[in-house]
Amino acid sequence: MTWQLKMVELGSSLVTYSVLTLLTVMLANWFYKRRQKVLLIEQIPGPKALPILGNALEVNVEPREFFQRVVGGLGIVGGVLRVWLGVRPMVLISLPNQVEVILSSNKHLDKSRDYTFLHPWLGTGLLTSTGSKWHSRRKMLTPAFHFKILEDFLEVFNSQSTKMVEKLAKKADGQRFDIFPYITLCTLDVICETAMGVNIKAQDNSDSDYVKAVYRIGALVQQRQARPWLQSDLLYRLIGSSKEHDACLKILHGFSYGTIRSRRIEFQKEKTNKLAKHMDDEIIGEDQDADSKSEEDGKRQEMAINDCS
């Protein structure tokens, strides 16, 4: 009995030892591979990173300031910049020949997980989807951007651009100023009017609930991308701005769904009107045919009477 207990204890020890050995080997292998990646990434110029946090504190700023810092950093290092978000590296590129290598690739289609924070707002469309879904979306949307179709929107492009130029002219007093908000509002007007058929007049009313929600949710998404501790859904709901995020979504989705409903009603009305017009044309055509037949019959009758006389 004693030897059996010893065998059980020995077997249990061997299992424990084997599991620990396996975990140690796996961990060592992970550290080795990660070190290789880190050494490779560190060859790209970028700001010095803190342990664990990386450069999270430096990029944890408002969107406009973040953009300015990135542009400034790219200008210093020649178009390629490395940034650490926690333990995750990000490589930012800006030169056309560098961007072309990525955008023309049929292999590197997967986007970083940072795009998943846009899913509650934008879903998985052309901007956020990856792989085969991205291919199918692109194939579906490509005809919509044919130059012949875009020509139909020239009036919208011109009118909204003219409005932006008029607003910029009021600021053209020789002093430097930030044109980013003007371009953003103009772009928002153009996108909404061309894609959804609705003029939200963002340039005239930048304080509308919809415009403010667009700005705010963009800031919240970037904030979450820059803070590794907020990237967990659970932690974001506990210590993040989840309620404000959901409130913005309610406004944005409410506007989108409302627009879709109204456009659907308009489409049904147009469809009904076209059907009614088609039916009217058929009826009018039949009446005209009947009139012409009556006229022909009358002529035949007249000719027959003349023949008889």
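The values are calculated or read from the model by the stated rules, or taken from the named source; none is laboratory data. Since we're looking at a predicted model, the values are computed, not measured. Note that we place each Cβ from the backbone using ideal geometry, even for glycine, and neighbour counts take in every protein chain shown.
Some points to look at:
- Whichever residue in the stretch 128-162 is touching a helix residue (DSSP H, G or I) at 6+ places or on another chain (Cβ under 7 Å) and of a type outside the set (Ser, Thr, Tyr) and, among such residues, is modelled with the lowest pLDDT: 153
- Residues (within 13 Å of residue 121 (Cα to Cα) and at pLDDT below 90) located in the stretch 228-256: 256
- Against the test of being within 21 Å of the chain's Cα centre (by Cα) and either loosely packed, with under 12 Cβ neighbours inside 10 Å or not basic (Lys, Arg) (or both), the options 258, 174 yield a single qualifying residue, 258.
- Within the stretch 189-196, at least one residue is assigned to a helix (DSSP H, G or I), in contact with a Lys or Arg (Cβ under 8 Å, 6 or more places away or on another chain) and not assigned by TED's automatic domain parsing to the domain that holds residue 56.
- Every pair of residues 6+ apart whose Cβ atoms lie under 7 Å, when the first sits in the stretch 189-203 and is over 14 Å from residue 158 (Cα atoms) while the second is basic (Lys, Arg) and exposed (fewer than 15 other Cβ atoms within 10 Å of the Cβ): 197/263
- Any chance residue 109 is closer than 22 Å to residue 40 by Cα and touching a helix residue (DSSP H, G or I) at 6+ places or on another chain (Cβ under 8 Å): yes
- Residue list for the stretch 35-47, filter: surrounded by 10 or more Cβ atoms within 10 Å (Cβ to Cβ) and within 27 Å of residue 69 (Cβ to Cβ): 37, 38, 40, 41, 42, 44, 45, 46, 47
- Subset of the stretch 205-255 that is of a type in the set (D, E, K, R) and crowded, with 18+ Cβ neighbours inside 10 Å - its residue that is farthest from residue 58 (Cα to Cα): 224
- Residue in the stretch 79-86 that is buried (at least 16 other Cβ atoms within 10 Å of the Cβ), small (Gly, Ala, Ser) and in contact with a Gly (Cβ under 8 Å, 6 or more places away or on another chain) present: yes
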